[in-house]
Amino acid sequence: MATMGAFRTFLLSYPEFLLAALCFLSLAALRLALRWRAAGTNVPVSWPVVGMLPFVLTNLGRLLDATTDALRDSGCAFEFRGPWLVGGDYLIICDPAAVHHCLAANFSRYDKGRDFAEMFDVAGDGLLVSESALWARQRHVVATVFAAPAFRSFVVSTIQRHTAGLLLPFLDHAAAAGRAVELEDVFMRFSLDVSYAVVFAADLGSLSLEAADAPYPPFGQATRMAGEAVMFRHVVPARWWKLLRWLNVGIERRYAESKAVLDEFVYREIGKRKAGNPPLLGEGGDLLSMYMAWPRDPAMTDRQRDGFLRDAAVGYMFAAKDLVAAALTWFFYMVCKHPHVEAKILDELKSLRCTSTSTSCGGGRGKPAAAVFDGDTLRSASYLHAAVLEALRLHPPAPFEEKEAREDDVLPDGRTVTKGTRILFCIYAMGRIQGIWGKDCEEYRPERWLSGSGRVRHVPSYKFAAFNSGPRSCLGKDLGLTNLKIAAAAIIYNFQVELVDGHVVEPTDSVVLHTKNGLMVKLAHLIFDCARKFKNVIQQVRLSVQNCTVI
Ligand code: HEM
């Protein structure tokens, strides 16, 4: 306090010092700006005091694309400087060699960073936030549960049941009413319902016709709110959100309330199971039952054991729910923009065996039932698989991966990394760099994933990192892809999906690649055979119009 007072008196007594300092800073800023403009580069300038904050502010709403431009101009790596004293310095990278080096080859030298577990504290001590030995133990448990045939078949049958019983009827209703649908919201509800059923063996029904116009159920609202708060903690300085948390106001208060809702709910479910109430669905294949059947660590108290079950349940919801919904949203955006891809997927699906659902889709009596494909059948749908991977390449649902160096290191490009350096791997940019994917990297072209014999090519995860790379890569990749394909195939086979005219679809600045304004589409029923043939004709006409050159 005394120092501040003396400093103020000094400045007031010698205003010329203040003036000189301001002149110096302005000239330095001007010099940097001129240098930047002359270089014609998108790499942000680090200004005195505010660092690269102006880059962030001037690119709000398009931060991913601005970062991609900067990475292109900087040769796949640049140092981002936050404002002085606030922190927020990062090394931002999109180089596959660095991804391989940090996430796989030298995995033990990098962790999620000092603040990660605290920012994501809704996940408790679970797999998503744990490190070192605790992480390795949990990874082993989760990998074993995910590989169990009972769990896998419960997950796949749950996806199929929800596709047939909720997703298709909901879209059917919207198509019959001729109203536009916001598909991202539909996928968020669908994904919430599927994840909830997988974890608790019970139906939430947030996509049921009755519930669709109603607000999310409290559990869904709580997971959504918690997701938003975790994102908020990622984008504002740590001191700011910690202050709000301490004051228990604003988004931090809502976050605390959401955590209480989730806790109450999950502990009630655990209590019911412990009291011997059987799960409603499945035969012990749900996540909670699988974990409860896991041999108990004798050193664990009852309370610790319940905490472990709680973290596993909540962790699953966060790992699976939003990423699957975001992936479906961007897949349909790509398919709507590329009707020839949709036509090829349809052709492929026509050659496969589908199952009719009891739900009439197409407007009632006399109309055929809706068709769904099961996970096994879709294994042979290589083009659909390629189209899904291609959408994930351009629109990875988790656009960034964050790490912190635990010790000094040297990256493959010779850059030195000191202990404590925070690194952001921009997975979104990786799909858009010519040096990685070729000149047509920004085109949506599923064919790039197919070999001459029509099989899906293997691409190493350090080049295609949508599911992360190395020992910490996604444990639900297979189930996630199956989920995407079952839902996508059912929609494409039963409906014509078209973007609403003039609706702009852009990504948000967020830790999950959601859209800014949703994905507004119009749906029309397809009745297999005649309507489908008619649809193909329309697509052919659309294609020829697109390819037509005006002379
Ligand atoms: C399109 C869908 C999905 C995408 C793009 C995706 C992507 C990812 C990514 C990028 C990570 C790394 C997160 C990090 O450490 O920072 C991850 C981890 C994980 N994912 Fe997925 N995921 C998807 C679906 C799923 C599903 C459906 C499940 C569950 C069945 C799942 C389970 C997990 C688990 C358990 C981890 C933690 C692995 C660990 O920390 O060791 N994911 N996923």
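Every read-out reported here was derived from the displayed coordinates using simple, explicitly stated rules and does not represent laboratory data. Values in this document were obtained by computation on a predicted structure and should not be read as measured data. All Cβ positions, even for glycine, are placed from backbone atoms using ideal geometry, and neighbour counts span all protein chains on display.
If R0 is taken as 22 Å, the Cβ-Cβ distance between Lys274 and Met300 corresponds to a FRET efficiency of 0.95. Using a simple spin-label model with pseudo-atoms 7 Å out from Cα toward Cβ, Thr41 and Glu210 lie 6.2 nm apart.
Across the stretch 234-242, computed HN-Hα scalar couplings (Karplus, 6.51 cos²θ - 1.76 cosθ + 1.60, θ = phi - 60°) run 6, 9, 9, x, 3, 4, 5, 5, 5 Hz from first to last residue, x flagging Gly and Pro.
Kirkwood-type hydrodynamic radius, the stretch 485-528: 12.2 Å, calculated from all non-identical alpha-carbon pairs.
For the stretch 464-512, a Kirkwood radius taken over Cα pairs fed into Stokes-Einstein (10 °C, viscosity 1.306 mPa s) yields D = 113 µm²/s.
Stretching the chain fully between Arg253 and Leu450 yields a gain of 66.0 nm (0.36 nm per residue, less the alpha carbon separation). Return the whole-Å distance between the Cα centroid of the stretch 98-134 and the Cα centroid of the stretch 477-497. Distance between centres, Cα-based: 31 Å. Spacing of the modelled spin labels on Lys419 and Ser380, each 7 Å from Cα toward Cβ, amounts to 5.8 nm. If R0 equals 22 Å, the separation of the Cβ atoms of His340 and Asp478 corresponds to a calculated FRET efficiency of about 0.20.
With all pairs of different C-alpha atoms in the average, the Kirkwood value for the hydrodynamic radius of the stretch 119-547 is 23.0 Å. The stretch between Val261 and Leu60 holds 69.1 nm of extra length on full extension. This uses 0.36 nm per residue minus the Cα-Cα distance.
So, in Å, what gap is there between the alpha-carbon centers of the stretch 282-347 and the stretch 62-77? That distance is 31 Å. In whole angstrom, the stretch 157-245 maps to an equivalent ellipsoid with semi-axes of 31, 16, 10, each derived as √(5λ) from the alpha carbon gyration tensor and ordered largest first.
With 30 Å as the limit, write out which pairs from Lys112/Lys344; Lys274/Lys485; Lys321/Lys463; Lys477/Lys516 have Cα-Cα distances beyond it, or answer none. Distance filter (> 30 Å) returns Lys112/Lys344; Lys274/Lys485.
Residue exposure proxy: Trp437, Trp330, ordered by other Cβ atoms within 10 angstrom of their Cβ from fewest to most, comes out as Trp437, Trp330.
Cβ crowding within 10 Å, taken as a proxy for footprinting-reagent exposure, orders Leu64, Leu384 from fewest neighbours to most as Leu64, Leu384.
Ordered by the count of other Cβ atoms within 10 Å of each Cβ, fewest first, Ser132, Ser191 give Ser132, Ser191. With each label modelled as a point 7 angstrom along the Cα→C-beta vector, the Gln434-Val49 pair spans 4.0 nm.
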